Every structure is written in C-alpha cells, then in structure tokens.
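J.: Handing you this structure, nothing more for now.
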Amino acid sequence: MRSKELIKSIILYLLVLMSVVLTYMTWNFSPDLANVDQQDSSNKDAKANTIGKPLDQGMSKVVAPYQIIHSNGDDTEGMEATRSNVEETISPLKNQRVLHAEQMHSNHNLIIPDLSDEFLVLDFSYDMPLATYLGQALNIDAKVPNNFKFDRLLIDDNQDGKVKLYAVSKDRHNVVRMTTTAKISSFAKQMKEQQKSMKPYTEIITNKDTIDKATHIFAPKAPKGLKSYHTIYNRISVDTMNSILFNDSVVVRSTKSGTATYNNNTGVANYSEDNEKYRYTNLSEDEDRSTNMQDSIPSTYDYINNHGGFTDDYRLFSTDNKGGELTYQMFLNGRPTFNDDDLNNIKVSWSDKGVFSYARALLKSNVTIDSGEDEIDLPGAETVRSELANNPEIDFEEVTNMTIGYNMEHKDDGSDIEIQRNSEFKPQWYVEYKGEWHAYNDGGLE
C-alpha cells in the first residue's frame with residue numbers, strides 16, 4: 001500500500017516538473033528568423049531585379065530579319081517576319097558548319113554570277129557582323145572574314161544538295177560566299193509550307209547599286225485588308241529599373257515638375273511621369289561607349305534578356321556604328337512599329353566594363369486586340385515608288401528600304417482613378433531614306 005502511494009507521488013512530481021519546464025521554454029522562446037528574413041529578402045530581390053520572363057530560345061528571336069522573300073525567276077513573293085516564320089526559315093541552318101568562305105568585291109553594281117534563279121532572302125534593317133550572326137544567332141561553326149558586316153542574307157542551292165549562303169553588305173559592293181553542311185532539301189520542305197502564307201512582292205530599283213536581282217529592294221506589291229490593333233499596357237516599376245541598373249548603394253531621389261532623378265556614385269537615372277520614359281547613364285564608366293558591334297550586340301542582348309527586358313516582341317532594328325547605340329524596336333505581327341516619342345523601343349549602349357546607357361518607356365503590353373476598325377488597303381509598292389521618284393524634294397537614289405509597319409499612336413484613357421495607358425497601331429508605309437525611317441504620306445515622307 002505504501003509503495004503504491006510512493007509511485008503516485010513520484011509520477012505527480014514528474015508531471016509538475018515537466019509543466020514548469022515547458023512553461024519556462026514557452027516564455028523564453030525566440031524564433032530564429034534569420035533564414036526566413038534572408039529567404040524573403042532573396043525572393044524580393046529576385047522579383048525586383050526582373051521585368052519579365054527571359055527568352056529561352058536564344059538570340060535568333062531578337063537578332064532577326066524584318067522580312068522574308070522568295071525569288072523564283074520573274075516571280076517574287078514575301079511575308080512579314082513573325083517569330084514563328086523566322087524560326088521555321090532558319091532552323092535548317094542552325095548547328096551547321098561553314099566549310100568554305102570567300103569575300104568578293106565590286107566597284108560597280110554587285111553581280112553574283114553563280115546565284116541560281118530560285119533563292120531565299122532574309123532582309124535586316126541594320127548591318128551587323130557576320131561572325132556574330134552565324135556564331136551566336138545560328139550557332140554555326142564558321143571562319144569568315146573579320147569585321148565583315150551585312151544586312152541581307154541570300155540562301156541558295158549549291159547544286160550538290162547543300163546550302164550556299166551569300167552575305168551582302170549594306171552598300172551592295174561586297175559579298176561573302178559560304179558553302180555549308182546544311183541540306184537544301186530541308187529548306188525546300190519549309191518553303192513549301194511557308195509559300196502558303198506568302199503574297200506577291202515587287203522588285204524596286206532606286207539607283208545603280210540595286211539593279212541586280214541580288215540587290216533589288218523588295219516590298220509588298222499590293223497591301224490589302226490590313227487591320228489596326230489596340231494595346232493596353234501594364235507599368236514597369238521605377239524601383240524595379242533602379243534595382244537592375246544601380247549598385248546596392250543608397251540611391252538619392254529628387255523630384256521636380258513630374259520628373260524624378262535617381263543617382264548614386266556610379267550612375268544617374270531620369271524618369272518622366274508624363275511619358276513613362278526612363279533613362280539611365282553609368283557615371284562609373286570613364287571610357288566612351290563601345291562601337292564594336294561584335295561585343296555590343298551579344299552583350300546588350302544578354303544584359304536586357306537576363307532581367308526579362310524583352311517584354312514584347314523586340315528586335316534589334318538599328319546599330320549606330322559611330323555612336324555605339326543600339327535600338328531594339330517593338331514588332332507587332334511580324335511588322336516593325338514606329339513612334340515619334342520612342343515609346344516603342346529600347347536604346348542601349350555598351351562599354352568595356354558594362355552597360356553605358358539604357359533608355360526605354362516603362363510600359364509593357366498587357367493585351368493586344370483587333371481595334372474593330374475597318375480593314376484598309378494601302379497604295380501599291382509601284383505607286384509609292386513612282387510618287388517618291390517624281391517628288392522634287394526627294395533624292396530617290398537615297399531610298400534604301402520600303403516596308404509596311406505600324407504607326408503607334410499613344411493615348412491616355414483617364415476614365416478611372418488610375419489612368420490606363422493604351423495605344424492604337426495603324427498600318428502605314430515606311431521608307432528608309434538617307435539612313436532614317438520615315439512614314440510615307442501622300443507622295444512624300446513625314
């Protein structure tokens with residue numbers, strides 16, 4: 001009996017002791033939030049340092065032609081360069097090799113004697129290093145002349161079942177001929193499908209350098225049934241851009257008349273609330289911006305893509321070989337867009353140590369829909385050519401490209417407390433004249 005009472009007392013004592021210990025631990029518990037804080041901070045930084053999702057298929061989505069042409073004797077067809085069209089066209093070239101390359105020069109009109117009657121044309125709106133395009137956009141193993149730049153690539157049959165390439169310089173006096181390991185049968189299969197989407201194009205001669213079939217200007221013959229589009233935008237946070245471009249030191253802010261200035265000891269940025277434009281300049285770069293496009297094109301592409309900066313269908317559209325600035329321009333349905341206030345492009349330059357300048361509108365498309373307006377027909381290419389050639393204020397020999405693009409008309413719809421940014425995209429002829437693109441209107445250039 002006594003032993004039973006003793007056991008009960010010991011059990012009771014242990015229960016009381018456990019209760020005291022648990023109470024003490026509860027009162028003195030301090031959770032270790034170091035890992036949680038660090039994880040939250042890491043997630044916030046990761047989110048803050050990206051605008052959108054990086055592209056996952058490489059440079060060929062951004063360094064791409066603006067039109068694709070199929071020339072077969074007297075028949076010429078073409079189509080706008082959508083991302084899918086471009087990818088299908090260049091896929092037989094990817095991961096191949098250039099077996100032999102040679103450069104040819106002509107002081108007069110460039111003639112390629114061995115070019116066949118049927119070939120494909122990829123037209124670019126800028127000249128770029130051939131080695132960069134082959135190596136980084138197409139992943140082609142090639143030894144080509146150093147520093148050679150081109151803006152047109154001809155794809156032809158080498159009569160042995162392989163593809164022969166001709167890279168033509170912008171001045172139409174130089175060409176690099178390349179024999180490759182790519183199979184022409186792969187192109188024939190792709191072209192058979194793509195020809196279903198092609199429409200008649202016209203060959204235009206503007207001067208003595210464009211009189212051969214390899215150097216003609218190609219443009220849509222009779223653009224009809226063109227639609228307009230309406231785009232609604234989301235805003236990109238200024239803090240997000242600052243987190244991308246500035247170092248981790250404190251950023252000092254000052255605001256005046258709707259324009260905010262952000263700076264630290266390495267850079268300065270200006271942002272205008274009125275037009276949503278943001279421009280950053282790196283003050284730590286003592287040297288001038290780079291004019292070497294072999295470095296600048298892949299470096300700026302990687303920099304913008306790593307933080308998801310290609311929020312829409314941006315393409316490299318122009319390269320300033322003297323000033324070093326590159327322009328990535330927004331495309332819509334495979335056609336370039338144009339805006340007088342540069343709200344449709346990203347302008348960036350590079351230096352030996354990194355980004356030198358970076359400018360863009362802090363807008364990205366949320367939704368793009370048919371505007372509901374009636375489809376329109378534009379003047380034919382021959383009409384545009386004739387009216388420009390007969391315009392005494394225009395030196396028609398200085399015309400180097402003609403294409404259909406979209407005029408981006410930016411608007412504000414302030415029906416809500418939060419102003420909704422939106423744009424109308426309307427089809428229009430655009431002409432490259434003396435190195436600059438202009439809208440064609442009623443026989444002249446705007």
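J.: Looking at region 304-325, which of the residues that are open to solvent by 10 Å² or more (accessible area, probe 1.4 Å) and small (Gly, Ala, Ser) is farthest from Phe150 (Cα to Cα)?
T.: Gly323
J.: Name every residue in region 343-387 that is modelled with pLDDT under 95, within 25 Å of Val86 (Cα to Cα) and charged (D, E, K, R), in order of residue number.
T.: The answer is Lys364, Asp370.
J.: Test Lys143 against the stated conditions and say whether it is within 22 Å of Asp302 (Cβ to Cβ) and outside any strand (DSSP E or B).
T.: no
J.: Separate question: Given (1) part of a helix (DSSP H, G or I); (2) touching a residue at least 40 places away in the same chain (Cβ under 8 Å); (3) open to solvent by 70 Å² or more (accessible area, probe 1.4 Å), where does Lys224 come up short, assuming only one miss?
T.: The failed condition is (1).
J.: On to the next question. Here is a list: Glu398, Glu432, Glu446. Which entry is among the acidic types (Asp, Glu), in contact with a strand residue (DSSP E or B) (Cβ under 6 Å, 6 or more places away or on another chain) and open to solvent by less than 60 Å² (accessible area, probe 1.4 Å)?
T.: Details: Glu398 fails: open to solvent by less than 60 Å² (accessible area, probe 1.4 Å); Glu446 fails: open to solvent by less than 60 Å² (accessible area, probe 1.4 Å).
Only one candidate qualifies: Glu432.
J.: So is Tyr233 within 22 Å of the chain's Cα centre (by Cα), open to solvent by 10 Å² or more (accessible area, probe 1.4 Å), at pLDDT 95 or above and more than 19 Å from Ile69 (Cα to Cα) or not? Give the steps one after another, and end with the answer.
T.: Numbers: within 22 Å of the chain's Cα centre (by Cα): yes; open to solvent by 10 Å² or more (accessible area, probe 1.4 Å): yes; at pLDDT 95 or above: no; more than 19 Å from Ile69 (Cα to Cα): yes.
Here the answer is no, as Tyr233 does not meet what is asked.
J.: Kindly state which strands (runs of 3 or more DSSP E) lie completely within region 149-211 and contain at least 2 residues that are open to solvent by less than 10 Å² (accessible area, probe 1.4 Å).
T.: Fully inside region 149-211 and qualifying: 149-157, 162-168, 174-183.
J.: Separate question: Go through the residues of region 356-366 one by one and say whether even a single one is free of Cβ contacts under 8 Å to residues at least 60 places away in the same chain, touching a Leu at 6+ places or on another chain (Cβ under 9 Å) and not hydroxyl-bearing (Ser, Thr, Tyr).
T.: Just the residues of region 356-366 that are free of Cβ contacts under 8 Å to residues at least 60 places away in the same chain, to begin with: none.
There is no residue in region 356-366 that is free of Cβ contacts under 8 Å to residues at least 60 places away in the same chain, touching a Leu at 6+ places or on another chain (Cβ under 9 Å) and not hydroxyl-bearing (Ser, Thr, Tyr).
J.: Filter region 92-134 for residues that are closer than 30 Å to Ile404 by Cα, open to solvent by 20 Å² or more (accessible area, probe 1.4 Å) and without any contact (Cβ under 8 Å) to a residue 60 or more places away in the chain and give the result.
T.: The answer is Lys94, Ser116, Asp117, Glu118.
J.: Condition first: closer than 30 Å to Val367 by Cα and in contact with a Pro (Cβ under 8 Å, 6 or more places away or on another chain). Now tell me which residues in region 221-242 satisfy that.
T.: Initially, region 221-242 is screened for residues closer than 30 Å to Val367 by Cα, giving 222-242.
Answer for region 221-242, where residues must be closer than 30 Å to Val367 by Cα and in contact with a Pro (Cβ under 8 Å, 6 or more places away or on another chain): Ala222, Pro223, Leu226, Lys227, Ser228.
J.: Within the bounds of region 249-259, is there any residue that is open to solvent by less than 40 Å² (accessible area, probe 1.4 Å), in the same structural domain as Gly308 (by the TED database) and among the polar types (S, T, N, Q)?
T.: Start the filter on region 249-259 by keeping residues that are open to solvent by less than 40 Å² (accessible area, probe 1.4 Å), which leaves 251, 258.
So of that shortlist, the ones also in the same structural domain as Gly308 (by the TED database) come out as 251, 258.
After this cut, where a residue has to be among the polar types (S, T, N, Q) as well, the list is none.
No, region 249-259 contains no residue that is open to solvent by less than 40 Å² (accessible area, probe 1.4 Å), in the same structural domain as Gly308 (by the TED database) and among the polar types (S, T, N, Q).
The values are calculated or read from the model by the stated rules, or taken from the named source; none is laboratory data. The structure displayed is predicted, hence computed values, not measured ones. Glycine also receives a Cβ, built like all others from the backbone with ideal geometry; neighbour counts cover every protein chain displayed. SASA here: full protein model, heavy atoms, side chains in, ligands and nucleic acids out. Shrake-Rupley method; radii C 1.70, N 1.55, O 1.52, S 1.80 Å.
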